[in-house]
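Quick notes on the structure that follows.
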Amino acid sequence: MKRALLGALFGIVAAASAATAQQFTPTKSVDIVVHTGAGGGNDAFIRAVLIALKKDNLVTPNFVVLNKTGGGSTSAMAYLREKSGDSHTIAVYSSVWVTDGLVQEAAPLTIDKLAPISALVLEPAVVVVRADSPYKTLKDFIDAAKTNPGKLKQSGGSITARDAVVRHVLMDNTKADWAYISFPSGGERIASVLGGHVDMMMIEPSEAGELIRSGKLRAIAQIADQKIEGFPDVPTLKEAGFAIPNVPQSRGIVGPPDMPAAAVAYYADLFKRAAASPSYKEYLKSTQLENAYLGPAELGKFLVTYQDQLRTILKGAGVKVVR
């Protein structure tokens, strides 16, 4: 009798828990905040992800991408702070969301104050120059930067983005010096290299592939622990002779501070199903991204470790860290 009663009670609790997990469903369009302009890394990434989700019929609400540019991620994070507790706003984070909170006094939030939802991918990169550049290897570029301090130029995004952090680490390791020219969009960064206005950039494999195959760009190094499929003849930084820590690029989904638990559960479940969907997997394969899904609890722990890791890298490169 007692066993039957306990079983009934457990059933009631389980049913209540399931109901709680399912109690939130979007009732209007969901805004997805990105800190980049059109064509920037997070913008291009989430638009491609949404296309894959729609193809596999996983998306019910209408998602609207909001480009909140300015100050690296600070404008986007300030917007999330204004949306504290909102269930219809999420955002795409990347490494700059971590570094901005570490190096900018004016940063409105640090990433650990946001609601963790889902880690999605880890992203490698390649160092590229124009195909007719005199720099055949990364060592060639570094040597030229030593000979002519401050003369060579690198195009990039925010001054706290992954490519800027890698530059700091390389310059600290080699004592070379070159300029960093920040552009709001990926298209402008690429155009500056192709037009000969800058000498080098660090770019995602998916963006670089066709430009390399068409003979417009040359890859001279990979920012990855292991060689990226499709670039078997391009050395990693360590293989190129630069024993520096790999600067990871993680992308995923966070919510505003104090997002209701039911909303977090809804979006976490959506992106968990996305991580297993055929179209999403095909997108990751075509762009050479690593599927690195984590749920809310695991992402919360990861972001603390990620923040500590980037803080150590920045300090090691001589960058002033304020938090």
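The values are calculated or read from the model by the stated rules, or taken from the named source; none is laboratory data. These numbers were taken from a predicted model, which means no experiment stands behind them. Here the Cβ positions follow ideal geometry from the backbone for every residue, glycine too, while neighbour counts run over all protein chains shown. Heads up: the accessible areas ignore ligands, DNA and RNA and are worked out on the full protein's heavy atoms, side chains in. Shrake-Rupley method; radii C 1.70, N 1.55, O 1.52, S 1.80 Å.
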Estimated dipole of the chain in Debye, rounded to 20 [Cβ of Lys and Arg +1, of Asp and Glu -1, Cα centre]: 300 debye
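Got a number for carbon plus sulfur as a percent of region 201-293's accessible area, 1.4 Å probe?
49 percent
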Per-residue ³J(HN,Hα) for region 56-65, Karplus 6.51 cos²θ - 1.76 cosθ + 1.60, θ = phi - 60°, Hz, x for Gly and Pro: 9, 6, 9, 9, 9, x, 7, 9, 10, 7
If you average the sequence gap of Cα pairs under 8 Å that are 6 or more apart and divide by the length of the chain, what percent do you get for the contact order? 28 percent
In a shell of Cβ-Cβ distance under 12 Å around Ser279, excluding Ser279 itself, what net charge do Lys and Arg (+1) and Asp and Glu (-1) give? +3
Choice from Glu290, Glu188, Glu229 with maximal GNM fluctuation in the chain (Cα, 10 Å cutoff): Glu229
Surface accessible to a 1.4 Å probe, per residue, for the residues of the chain, Å²: 45 Å²
For region 278-323, what does the alpha-carbon gyration tensor say about shape, rounded, prolate or oblate, given a ≥ b ≥ c as the root eigenvalues, a/c under 1.5 as rounded, and a/b over b/c as prolate? oblate
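Could you check how many percent of all C-alpha pairs in the chain are farther apart than 38 Å? Intermediate values should be presented prior to the final figure.
Numbers: 9754 of 52003 pairs.
Cα-Cα pairs of the chain separated by over 38 Å account for 19 percent.
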Chain lengthening between Asp225 and Ala106 when straightened (0.36 nm per residue, less Cα-Cα): 39.5 nm
What the Cα atoms of region 194-323 span along the principal axes, largest first and in whole Å, is 49, 41, 28
Between His88 and residues 5 or more places away or on another chain, which pairs have amide H atoms under 5 Å apart, with H built 1.01 Å from N, and which residues are they? none
Using a Cα-Cα cut-off of under 21 Å, which lysines could be cross-linked to Lys285, ignoring same-chain neighbours fewer than 8 residues away? Lys54, Lys55, Lys227, Lys272
Given the options Asp163, Asp143, Asp43, which has the most mean-square fluctuation in a GNM of the chain, springs set between C-alpha atoms less than 10 angstrom apart? Asp143
With label points set 7 Å from each Cα along the Cα-to-Cβ direction at Arg213 and Asp233, the distance between them in nm comes to 1.6 nm
Using alpha-carbon positions, the gyration tensor of region 162-234 gives root eigenvalues a ≥ b ≥ c; with a/c under 1.5 called rounded, otherwise prolate if a/b exceeds b/c, else oblate, the class is oblate
Can you give me the distance in nm between label points at Ala144 and Thr27, each placed 7 Å from the Cα along the Cα-to-Cβ direction? 6.0 nm
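For a test of the definition: using alpha carbon positions, the gyration tensor, and the 1.5 limit on a/c, classify region 240-301 as rounded, prolate or oblate. Before the final figure, lay out the partial values.
Working: a/c = 3.43, a/b = 1.45, b/c = 2.37.
Oblate shape, in that a/c is at least 1.5 and b/c is the bigger or equal ratio.
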Per GNM of the chain with C-alpha springs under 10 angstrom, the most fluctuating residue out of Asp140, Asp199, Asp86 is Asp140
